[in-house]
Amino acid sequence: MPNNNVIIKQLGTMPYLSTYQAMHNFTNQRNAQTIDEIWLVEHLPVFTQGKVGKPEHLLTATDIPVVQTDRGGQITYHGPGQQIMYILLDLKRRKIGIRDVVNYLENSVVQTLKHFGITAYSKSDAPGVYINQQKICSLGLHIKHGCTLHGLALNIDMDLTPFNYINPCGYAGLKMTHMKHHIAQIDRQEINRLLTDNFINQLPNN
């Protein structure tokens, strides 16, 4: 259903590469009238490397695949129990810039966590969302034809071990956390509803 001219799609669990290709197909085929979309998805275990990512940030070779992408940022990990929110927005039509979108994404996570009694914050010099100096949400974007691809990854209830095999987002020694460390009960539907509502409510109409 369109919501403030945004269609929200629940994709379940999908391999990273097929979702990556689908994002690009959508963006290549869209026109000035195409309704913006938000995709909610989980990925099978994968390391993704940003377009200027440095290979030395992969510290340990594992059997988890490493995929080169065109998003910003360095290496990160995706796996089950992590909520991905991909945003496919026409920035020109909405008359907003990339910095606005980063702020909207970070704010949507901070507000969602606040609902569950978790105090989180963003950093001007290190995109993402943090709790007590530990990172709970990573984000990376790419702009093509004036439209956004990629989005954010919020750690909810997952195996954090693979983050030990990398410098997360290029920061040596950065510790990762997830919502399960901070609250006992996890309601994925409620988290998804809040995450999307908090993001969409910040968008100017188009």
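Before moving on, here are some points about what is shown:
- Helix-only arithmetic for the chain: the sum of -39500 (n - 2.57) across DSSP H runs with n ≥ 4, divided by the residue total, places the mean residue ellipticity at 222 nm at -7500 deg cm²/dmol.
- Within segment 5-81, the proportion of C-alpha pairs whose separation exceeds 19 Å stands at 45%.
- Kirkwood hydrodynamic radius (C-alpha pairs) into Stokes-Einstein, segment 1-50, 20 °C and 1.002 mPa s, D in µm²/s: 175
- With N counted as the residues of the chain, its alpha-carbon radius of gyration over 2.2 N^0.38 Å works out to 0.96.
- Among the listed pairs LYS114/LYS144; LYS114/LYS175; LYS92/LYS114; LYS51/LYS135, those beyond 24 Å (Cα-Cα): LYS114/LYS144; LYS92/LYS114
- Just so you know, the Rg over Rh for segment 119-196 is 0.98, from Cα atoms, with Rh as the Kirkwood radius.
- Most to least packed among 134-145, 111-122, 56-67 [average Cβ atoms within 10 Å]: 134-145, 111-122, 56-67
- Karplus-based coupling profile of segment 152-164, in residue order and whole Hz: 10, 10, 9, 6, 10, 8, 9, 7, 7, 3, x, 5, 6, with θ = phi - 60° in 6.51 cos²θ - 1.76 cosθ + 1.60 and x standing for Gly or Pro.
- Mean-position separation - Cα centroids, segment 132-184 and segment 34-95, in angstrom: 10
- Antiparallel beta bridges, as assigned by DSSP with both residues in the chain, represent about 70 percent of the total such bridges.
- Positive-end extreme of charge dipole, the chain - chosen from THR19, ILE84, LEU139 (charges on Cβ): LEU139
- Database remark: amide H of ARG71 closer than 5 angstrom to the amide H of LYS51 (H placed geometrically; neighbours at sequence offset of 5 or more, or on other chains; Pro and chain starts carry no H).
- Segments 177-186, 162-171, 6-15 sorted - mean Cβ within 10 Å per residue, highest first: 162-171, 177-186, 6-15
- Multiplying the residue separation of ASN5 and TYR121 by 0.36 nm and subtracting their alpha-carbon distance yields 38.9 nm.
Values quoted throughout were computed directly from the atomic coordinates according to the rules given, and no laboratory measurement underlies them. Computed from a predicted structure; not experimentally measured. Please note: Cβ atoms are built from the backbone with ideal geometry, for glycine as well, and neighbour counts cover all protein chains shown.
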